[in-house]
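Trainee: The following block contains the structure, expressed as structure tokens.
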Amino acid sequence: MHHVHVGFLRPLAPTDDFAHSLSTSHDKQRKMSQDIIARAKPREKGHWYEDFKLGREFVHHWGRTISQAENALFTTLTLHFNPQYTNVEVARAMGHPDTPVNPLMVFNTVFGLSVQDLSEHGTAFLGVNELSFAQPFYPGDTVFARSTVIERRLSSSKQGMGIVGWHTKGFNQRGELVCEFKRSNLVFLRDPGAAKEATR
Amino acid sequence: MKLSELSGLTGQDNYFEDFVVGDVMKHVRSKTLEPLEQVMITNLVMNTASGHFDEEVMKSHPAGKRLSFGGVNIAMFIGMASQDTAENAIAELGMDRIRLQGPVFHGDTLTAYTEVLEIKPSEREDAGIVRFKHYGTKQDGSIVFEGERTVLIKRRSHWGTR
């Protein structure tokens with residue numbers, strides 16, 4: 001039979017070495033390889049102000065199937081006390097086949113799926129207009145998100161930043177609209193030095 | 001469950017007929033924002049902006065620490081207003097003119113206020129439409145959220161004894 005000497009399988013006897021490792025001061029701890037750090041290329045995500053040409057469309061990543069457990073968690077943590085989201089008997093009595101997912105969770109999920117494409121390099125999320133819920137969304141349904149750039153301008157007060165607005169839509173697995181809204185964010189310029197050229 | 005039991009599960013003072021334009025209410029339960037909901041919901045809804053969940057990356061940001069995600073803050077303010085404005089709601093129709101003013105951090109305590117802007121009939125005879133304006137404040141009294149919300153609410157005349 002093989003005697004495996006993999007690190008985590010070694011007996012953890014309180015040897016001198018082990019005791020020493022517990023008392024080792026912070027500056028004596030093993031450091032991450034400087035060679036690896038020097039060679040590591042950041043896998044950057046997201047877009048910058050310059051990328052948001054008016055009318056550009058984004059099909060956002062992943063999609064998301066929402067479960068009733070998550071709906072109940074969201075609804076209770078946000079103190080949302082409309083029992084149709086947390087009591088299936090009430091939901092059925094009101095004509096639903098199941099508890100609808102809290103619309104604010106649908107909104108948050110569509111928003112969340114859009115962040116890498118739209119506002120990963122943003123700061124302040126300024127506001128939302130014209131949020132509407134087209135139809136109920138039920139546990140087990142899957143939401144997909146897409147957006148269009150509808151506004152862009154350089155910030156007059158914050159150098160190196162612009163304000164970008166998007167029209168975002170959420171669809172279910174049948175391609176039917178479930179939620180849409182318009183939002184705007186402050187977004188960083190990739191090259192703040194070129195701000196004067198970055199016109200609309 | 002029988003329909004006759006429905007009205008016993010929710011309040012009696014928040015049917016469509018109870019809302020009067022101009023009325024203003026303070027919602028009595030405030031909430032101190034925990035990473036529990038802020039980071040959990042931010043991650044649950046797949047918001048990838050690490051400024052909401054990486055304390056180290058935010059040390060170089062003017063805020064100096066993680067910012068709460070505005071989407072969760074909106075949901076929290078609506079939640080705090082919900083027992084008084086949505087307990088007998090049939091459907092959330094939408095929101096508009098949502099403005100987030102000033103940063104919100106973990107540990108801030110949020111309070112919600114609501115004004116009734118408009119009441120109108122709907123296509124359904126058993127329900128009417130109410131448009132609210134919600135206000136959200138922090139513990140220092142500053143306003144961090146405003147937004148309008150339109151809700152389809154049961155009429156007591158049709159649902160009050162079910």
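The values are calculated or read from the model by the stated rules, or taken from the named source; none is laboratory data. On a predicted model such as this, the values are computed, not experimentally measured, just so you know. Cβ atoms come from the backbone with ideal geometry, glycine included; neighbour counts cover every protein chain shown. Surface areas here come from the heavy atoms of the whole protein model, side chains and all, with no ligands, DNA or RNA. Shrake-Rupley method; radii C 1.70, N 1.55, O 1.52, S 1.80 Å.
Trainee: Taking the Cα centre of segment A:97-180 as origin, work out the dipole magnitude from +1 charges on Lys and Arg Cβ and -1 charges on Asp and Glu Cβ, in debye rounded to 20.
Mentor: With Lys and Arg at +1 and Asp and Glu at -1, about 320 debye.
Trainee: Further question on the same structure: For the protein assembly as shown, what is the charge dipole size about the Cα centre, in debye to the nearest 20, if Lys and Arg each add +1 at the Cβ and Asp and Glu each add -1 at the Cβ?
Mentor: 840
Trainee: Calculate how large, on average over all directions, the projected area of the Cα convex hull of segment B:49-142 is; give the answer in nm² to one decimal.
Mentor: Orientation-averaged projected area of the Cα hull: 7.4 nm².
Trainee: Related question: Could you tell me which trypsin sites (Lys or Arg not before Pro) in segment A:41-124 are loop residues by DSSP with no more than 12 other beta carbons within 10 angstrom of their beta carbon?
Mentor: Here the sparse-neighbourhood loop sites are A:Arg43, A:Lys53.
Trainee: Could you tell me how many degrees, from 0 to 90 and to the nearest 10, lie between the Cα long axis of helix B:35-44 and the main elongation axis, the longest principal axis, of the Cα atoms of chain B?
Mentor: 80
Trainee: Counting partner chain Cβ atoms within 10 Å of every residue's Cβ in B:34-47, what's the average?
Mentor: The per-residue average across the peptide is 5.
Trainee: To continue, here is another question. Enter the mean number of other protein chain beta carbons within 10 Å of the beta carbon of each residue in A:110-117, as an integer.
Mentor: Mean partner shielding for this stretch: 5.
Trainee: If packing is taken as the mean number of other Cβ atoms within 10 Å per residue, what is the order of A:77-87, A:169-179, highest first?
Mentor: Values: A:77-87: 21.5, A:169-179: 16.6.
Result, highest mean Cβ count within 10 Å first: A:77-87, A:169-179.
Trainee: Take A:Thr148, A:Thr76 and sort them by solvent-accessible surface of the protein heavy atoms, 1.4 Å probe, largest at the top.
Mentor: In descending accessible area the options line up as A:Thr76, A:Thr148.
Trainee: Suppose the chain between B:Asp23 and B:Arg124 were pulled fully straight at 0.36 nm per residue; how much longer would it get relative to their current alpha carbon spacing?
Mentor: Working it through step by step, the gained length comes to 33.9 nm.
Trainee: Just to confirm, what accessible area per residue do you get for segment B:27-157 at 1.4 Å probe, in whole Å²?
Mentor: Counting only protein heavy atoms, the per-residue value for segment B:27-157 is 39 Å².
Trainee: Order B:63-73, B:135-145, B:18-28, B:94-104 from most to least packed using the mean count of other Cβ atoms within 10 Å.
Mentor: My ranking of the peptides, most packed first, is B:63-73, B:94-104, B:135-145, B:18-28.
Trainee: In Å², rounded to the nearest 100, what is the total accessible surface buried by chains A and B against each other with a 1.4 Å probe?
Mentor: 3600
Trainee: Nearest 500 deg cm²/dmol is fine: what mean residue ellipticity at 222 nm does chain B get from its DSSP H runs of n ≥ 4 alone, each adding -39,500 (n - 2.57), divided by its residue count?
Mentor: -5500 deg cm²/dmol
Trainee: Which of the GluC sites (Glu not before Pro) found in segment B:15-83 are loop residues per DSSP with 10 or fewer other Cβ atoms within 10 Å of their Cβ? Provide the component values of the computation, followed by the final result.
Mentor: Numbers: sites: B:Glu17, B:Glu37, B:Glu55, B:Glu56; in loops: B:Glu55, B:Glu56.
Hits after loop and neighbour filter: B:Glu56.
Trainee: Hey, another quick one. With charges set only on the Cβ (+1 for Lys and Arg, -1 for Asp and Glu), what does the dipole of chain B come to about its Cα centre, in debye to the nearest 20?
Mentor: 20
Trainee: Taking each residue of A:88-100 in turn, how many C-beta atoms of other protein chains fall within 10 Å of its C-beta, and what is the average?
Mentor: 2
Trainee: Suppose each label sits 7 Å from its Cα in the direction of the beta carbon; what would the A:Leu177-B:Thr161 distance come out to in nanometres?
Mentor: Each label point is offset 7 Å from its Cα along the Cβ direction, giving 4.1 nm.
Trainee: Just to check I understand the Karplus step: with θ = phi - 60° and J = 6.51 cos²θ - 1.76 cosθ + 1.60, what whole-Hz values come out for segment A:49-56, glycine and proline as x?
Mentor: Result, ordered by residue: 3, 4, 6, 8, 6, 4, x, 5 Hz.
Trainee: Would you calculate the separation in nanometres between label points at B:Met40 and B:Arg97, each defined as 7 Å from the Cα along the Cα-to-beta-carbon direction?
Mentor: 3.4
Trainee: Continuing with this model, one more query. With unit charges on the beta carbons (Lys and Arg positive, Asp and Glu negative) and the dipole taken about the Cα centre of segment A:49-194, which residue among A:Ser184, A:Gly63, A:Val88 sits farthest to the positive side?
Mentor: The residue sitting farthest along the positive end of the dipole is A:Ser184.
Trainee: Now, a different point. Could you grab the relative contact order for chain B? Cα pairs under 8 Å, six or more apart, rounded to a whole percent.
Mentor: Across chain B, relative contact order equals 31 percent.
Trainee: Carbon and sulfur atoms: what percent of the 1.4 Å accessible area of the protein assembly as shown do they account for?
Mentor: 54
Trainee: Now, a different point. What does DSSP give for segment A:49-194 in terms of the percent of beta bridges that are antiparallel, rounded to the nearest 5? Numbers along the way, then the final one.
Mentor: Numbers: 33 of 33 bridges.
Within segment A:49-194, antiparallel bridges account for around 100 percent of the total.
Trainee: Can you tell me how much longer the chain between B:Phe105 and B:Gln12 gets when fully stretched, taken as 0.36 nm per residue apart minus their C-alpha distance, in nm with one decimal?
Mentor: 29.9 nm
Trainee: When only alpha-carbon atoms are used, what values of Rg and Dmax, in angstrom, describe chain B?
Mentor: Every Cα atom of chain B included, Rg and Dmax give 18.0, 59 Å.
Trainee: For a quick check of understanding: with a 1.4 angstrom probe and all protein chains in place, what accessible area in square angstrom does A:Trp48 have, to the nearest ten?
Mentor: So the heavy atoms of A:Trp48 present about 70 Å² to solvent.
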